[in-house]
Amino acid sequence: MIAQASLDLDAVRAFILVAELKSFTRAAEASDTTQSAVSLKLKRLETQLGRRLLERHPRLVRLTGDGEAFLPRAEGLMAAHERAVALPDRKRWRLALGISDHVAGPELVEVLAQLAASGPGLALELRLGPSRELLDAYDGGALDAVVVRRQTGRRDGEALFEDRLGWFAAPHWRQTPGEPLPLIVLTTECGVRAEGARLLDRARRPWTDGFVGGGMAAVRAAVAAGFGIAPLARRTAPPGAVDVTEKLGLPKLPPSRVVLHSNVAEATARAALRTMAAAFRGLAAPPMTGPRRAAFGAPQAAL
């Protein structure tokens, strides 16, 4: 019975990470250990509980019914443990983080949830913006870490995942014959815009800036409203938008690498960034099945 088991808190923490990140590999990265160590902890926990919590398949981890039932209890147990060991005078720690507007898609809530759960005392300063602008701020010391698209000429940074890009438009949008393609872009200095413009020029397809949004919320709204076409990652395109690359005979956009740059030295902050990086890597992985909420998660042409 669960009430009779003396639970290993490290094993419970490992179970929560696997459930949230949907991968033994990413759970190991987040906890700075090995996949085999995480697997042993989970087996030990299942033995203690006398219940099977996870179904393990190649490239797929799925919670069992017992696992779904135990997860909120495990989260409550760890939260109570954190409250019990937290000292009243524990210092808060600050993390100045930048995330590219093109990268921060619908998974941003999950990414922030991982940071919030990384430990008490976090004061987070989050800045969203173009990759180039954020990277300049990082190089200048204004940001502790940034998650951005890999920039031309740079080979530093930790690779997180690869985004597939396409030309997206509203289903009802139609190009006016004889008129240049109206582009919907984040900023006129945006790297994704620059790559798209270069490819259109090479293909001799006339284009113009039809909408400059200044933020991804505005860009997605402009796509849905029918202002034109936008070069976007598939996962960040607005609901209902369609990829018109083949229909319009447009040049295919190359995949784009997303990387993490960090100069963080403090152990707690480094652990939080490891968890965040593991969550971002989940963007390229198949989802865990079941009723649990969806997770997020070599240099290519720089976008």
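The values are calculated or read from the model by the stated rules, or taken from the named source; none is laboratory data. Owing to the predicted nature of the structure, the values given are computational and were not obtained by experimental measurement. Every residue, glycine as well, gets a Cβ built from its backbone with ideal geometry; the counts of neighbours run over all protein chains shown.
The table that follows gives values for the structure above.
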| quantity | calculated |
| --- | --- |
| Residues that are surrounded by 16 or more Cβ atoms within 10 Å (Cβ to Cβ) and aliphatic (A, V, I, L, M), drawn from the range 114-126 | Leu115, Ala117, Leu122 |
| Number of the exception - Arg155 against (1) under 26 Å from Ala241 (Cα atoms); (2) assigned by TED's automatic domain parsing to the domain that holds Glu133; (3) modelled with pLDDT under 90 | (1) |
| Residues located in the range 162-172, provided they are farther than 15 Å from Glu246 by Cβ and either of a type in the set (Phe, Trp, Tyr) or not in a loop (DSSP other than H, G, I, E, B) (or both) | Glu162, Asp163 |
| Residues being out of contact with any helix residue (DSSP H, G or I) (no Cβ under 7 Å at 6 or more places or on another chain) and of a type in the set (A, V, I, L, M, F, W, C) - total across the range 38-65 | 2 |
| Any hit, the range 194-203, residues being touching a Leu at 6+ places or on another chain (Cβ under 6 Å), within 19 Å of Pro255 (Cα to Cα), buried (at least 20 other Cβ atoms within 10 Å of the Cβ) and not assigned by TED's automatic domain parsing to the domain that holds Val148 | yes |
| Set Thr208, Thr176, Thr188: member being outside the structural domain of Leu260 (by TED's automatic domain parsing), assigned to a strand (DSSP E or B) and surrounded by fewer than 14 Cβ atoms within 10 Å (Cβ to Cβ) | Thr208 |
| Residue pairs meeting the criteria (Cβ under 7 Å; at least 6 apart or on separate chains; first under 25 Å from Ser100 (Cα atoms), in the range 189-206; second among the β-branched types (Val, Ile, Thr) and at pLDDT below 95) | Arg193/Val185 |
| Selection within the range 151-181 - closer than 20 Å to Pro254 by Cβ and over 23 Å from the mean Cα position of the chain (by Cα) | Gly153, Ala169, Leu181 |
| Any pair with Cβ under 7 angstrom, 6 or more apart, that starts in the range 64-83 at a residue that is closer than 13 Å to Glu46 by Cα and ends at one that is surrounded by 15 or more Cβ atoms within 10 Å (Cβ to Cβ) and aromatic (Phe, Trp, Tyr) | Ala74/Phe15 |
| Boolean, Ala123 is in contact with a Lys or Arg (Cβ under 7 Å, 6 or more places away or on another chain) and within 15 Å of Ala269 (Cβ to Cβ) | yes |
| Restricting the range 146-159 to residues that are in contact with a helix residue (DSSP H, G or I) (Cβ under 7 Å, 6 or more places away or on another chain) and surrounded by fewer than 22 Cβ atoms within 10 Å (Cβ to Cβ), the residue that is farthest from Ala278 (Cα to Cα) | Gln151 |
| Some residue of the range 75-96 being at pLDDT 85 or above, part of a strand (DSSP E or B) and crowded, with 17+ Cβ neighbours inside 10 Å | yes |
